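For reference, the structure is listed below as structure tokens.
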Amino acid sequence: MGIELLDRTALVLFSGGQDSTTTLAWALDRYDHVETVGFDYGQRHAVELEVRSVVADGIRRSFPDWGDRLGEDHMVDLQVLGRISETSLTKGMAIAMADDGLPNTFVPGRNLIFLTFAAAVAYRRGIRHIVTGVCETDYSGYPDCRDDTIKAMQLALNLGMDTRFVLHTPLMWIDKAETWALAKLLGGDELVDVVRTQTHTCYEGDREHIHDWGHGCGACPACELRATGYRGYLARQQA
């Protein structure tokens, strides 16, 4: 085995969006020490990188116990990924479906690269558990979000680094309404408010318009998915 990993520590892939914020809360609820890692890959919604610290500060203020567990944040420069990707998330093109049946927001290899760099950070920091907010239930069809992909990545990372990482995907089998409900379960209405008012999901990077479900243009696929999930969450709360 390459190095000794601490079993009560976790590294969360944290973009500043709804899913990664809920995932961060999930990790803070379970581990004694949690660090975060973000990626600048030339995304058109780079404003998400700016809100990461805002969201983290909001969690520290609202949840002091979690704040005591929240450790160092790591930022990885992956601008090269944006330069080699011909996608609507990294180039000035309209969001649409591609000929292969995937939305052109799909950045090939993105989550594979994210997890590889996250594992490199975790290896250096002696962190055993790596947590990511990918989901196969309510997603855009991205193949690198699938459960089989994550399981294969865990095997490859452990073989390639001669260690025993565990990759966690707490959102894998739940839809967006259930993701809102998970935030409520973990941190009550306070955490729901943090997610709703401070996180960023909109592909267009719109922070000017505010809706009941949060900031965004209200028209891009990310906004539509988030809004639909929020309406479903409210309906289930009232049922």
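Derivation of every value follows stated rules applied to the coordinates shown; laboratory data play no part. Only a predicted model underlies this, so the values are computations on that prediction, with no experimental measurement involved. A quick note on method: Cβ atoms are made from the backbone with ideal geometry, for glycine too, and the neighbour counts reach across all protein chains shown.
From Cα pairs below 8 angstrom and at least 6 apart in sequence, can you work out the relative contact order of segment 1-44, rounded to a whole percent? Contact order relative to length: 44 percent. The helix-based estimate of mean residue ellipticity at 222 nm for the chain, built from -39,500 (n - 2.57) per DSSP H run of four or more residues and divided by its residue count, is -15000 deg cm²/dmol to the nearest 500. Seen from HIS45, the other residues with C-beta closer than 9 Å to its C-beta sum to a net charge of -2, counting Lys and Arg as +1 and Asp and Glu as -1. The distance between label points at ILE3 and LEU185 comes to 3.3 nm (points 7 Å beyond Cα on the Cα→Cβ vector). Across segment 9-20, coupling constants 3J(HN,Hα) worked out from phi with the 6.51/-1.76/1.60 Karplus curve, θ = phi - 60°, read 10, 9, 10, 10, 6, 10, 9, x, x, 4, 5, 6 Hz, and Gly and Pro carry x. Over all other residues within a Cβ to Cβ distance under 11 Å of ILE150, the charged ones net out to -2, with Lys and Arg as +1 and Asp and Glu as -1. Summing charges over neighbours of THR228, with a neighbour being any other residue whose Cβ is under 14 Å away from its Cβ, gives -1 when K and R count +1 and D and E count -1. Only Lys, Arg, Asp and Glu carry charge here, each on its Cβ (+1 for the first two, -1 for the last two); on that basis segment 59-211 has a dipole of about 520 debye about its Cα centre. Modelled spin labels at MET75 and LYS151, positioned 7 Å past Cα toward Cβ, are 3.7 nm from each other.
Full extension of the chain between HIS211 and ASP65 gives 49.6 nm of extra length, using 0.36 nm per residue less the Cα-Cα distance. Take the alpha carbon gyration tensor of segment 147-206, find the square roots of its eigenvalues, order them as a ≥ b ≥ c, and report rounded if a/c is under 1.5; if not, report prolate when a/b exceeds b/c, else oblate. Because a/c hits 1.5 or more and a/b exceeds b/c, segment 147-206 counts as prolate.
So, by mean Cβ neighbours within 10 angstrom, what's the order for 63-73, 15-25, 199-209 with the highest one leading?
Details: 63-73: 14.9, 15-25: 25.7, 199-209: 19.3.
Ranking the peptides 63-73, 15-25, 199-209 by packing returns 15-25, 199-209, 63-73.
Near ILE127, the amide H atoms lying under 5 Å from its own belong to LEU6; only residues 5 or more places off or on other chains count, and H is placed 1.01 Å from N.
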